[in-house]
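This report concerns only the one structure given below.
The values are calculated or read from the model by the stated rules, or taken from the named source; none is laboratory data. All figures in this text were calculated on a predicted structure; none of them were measured in a lab. So basically every Cβ, Gly included, is an ideal-geometry build from the backbone, and we count neighbours across all protein chains shown. In case anyone asks, the SASA skips ligands and DNA or RNA and just uses the protein heavy atoms, side chains included. Shrake-Rupley method; radii C 1.70, N 1.55, O 1.52, S 1.80 Å.
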Amino acid sequence: MPTILILNGPNLNLLGQRQPEIYGADTLDDVADQCRAVVGDAAELRFAQSNHEGALVDLIQEARGTTDAIVINPGAYSHTSVAILDALNAYDGAVIEVHISNIHKREAFRHHSYVSGRADAVIAGLGVEGYAAALRRLMQLLS
Ligand code: DHK
């Protein structure tokens, strides 16, 4: 059975409370429930969130050899973190990058993501449905 890590970066612990006009009303727990509903018993899901860049690097390193894929929303670190890119470049499994909002429709500083240089797919602007879409794609890739 494949194992998939769903990793969220800074401020995504506030999902549902933070700027709901941009990020929606669902919480991270709601997202986890939606993810479990997509995969059912066909994959093991692991969930992690951190507001700290180094902690995210540690979690990606720990995924080496222990998970088949990562769904990552790096939050603001998408736009700044070479360290997270380097950690993902040292990871062998599939990587799908998710942004809840359409970063290309927002401020110019959000238009570039370092992680996109490694990601096998990038989803932006589907709202929290982007996590479920990423998992549907991974279940195809990993089957
Ligand atoms: C989430 C964030 O926290 C922002 O810093 C990114 C991303 C966009 C999102 O759309 O999920 O710029």
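Can you give me the % of accessible surface on the stretch 3-142 that is carbon or sulfur? Probe 1.4 Å, all protein chains present, nothing else counted.
47
With the dipole of the chain worked out from charges on the C-beta (+1 for Lys and Arg, -1 for Asp and Glu) around the Cα centre, which of A87, L138, G117 lies farthest toward the positive end?
Towards the positive end, the residue furthest out is G117.
What stretch of the chain, leaving out the sites themselves, is the longest with no trypsin sites (Lys or Arg not before Pro) in a DSSP loop having at most 12 other Cβ atoms within 10 Å?
On the way: sites that count: R18, R64.
That would be 65-143.
For the chain, what is the calculated [θ] at 222 nm in deg cm²/dmol (nearest 500), taking -39500 (n - 2.57) for each run of four or more DSSP H residues and dividing by its residue count? Before the final figure, lay out the partial values.
On the way: 5 runs with 49 residues, N = 143.
Calculated mean residue ellipticity at 222 nm is -10000 deg cm²/dmol.
Which percent, to the nearest 5, of DSSP beta bridges fully inside the stretch 3-142 are antiparallel?
Expressed as a percentage, antiparallel bridges in the stretch 3-142 total about 0.
Can you pull out the GluC sites (Glu not before Pro) in the stretch 47-133 that DSSP calls coil and that have at most 13 other Cβ atoms within 10 Å?
Hits after loop and neighbour filter: E107.
Which whole-number percent of Cα pairs in the chain have a distance greater than 26 Å? Kindly include the intermediate steps, with their values, before the conclusion.
Details: 1514 of 10153 pairs.
In whole percent, the share of Cα-Cα pairs in the chain beyond 26 Å is 15.
Using a probe radius of 1.4 Å on heavy atoms only, what accessible surface per residue do you get for the chain? Whole Å² is fine.
48
Looking only at A37, A132, A76, which one moves most when the chain is put into a Gaussian network model with springs between Cα atoms under 10 Å?
Most flexible of the set in this elastic network: A37.
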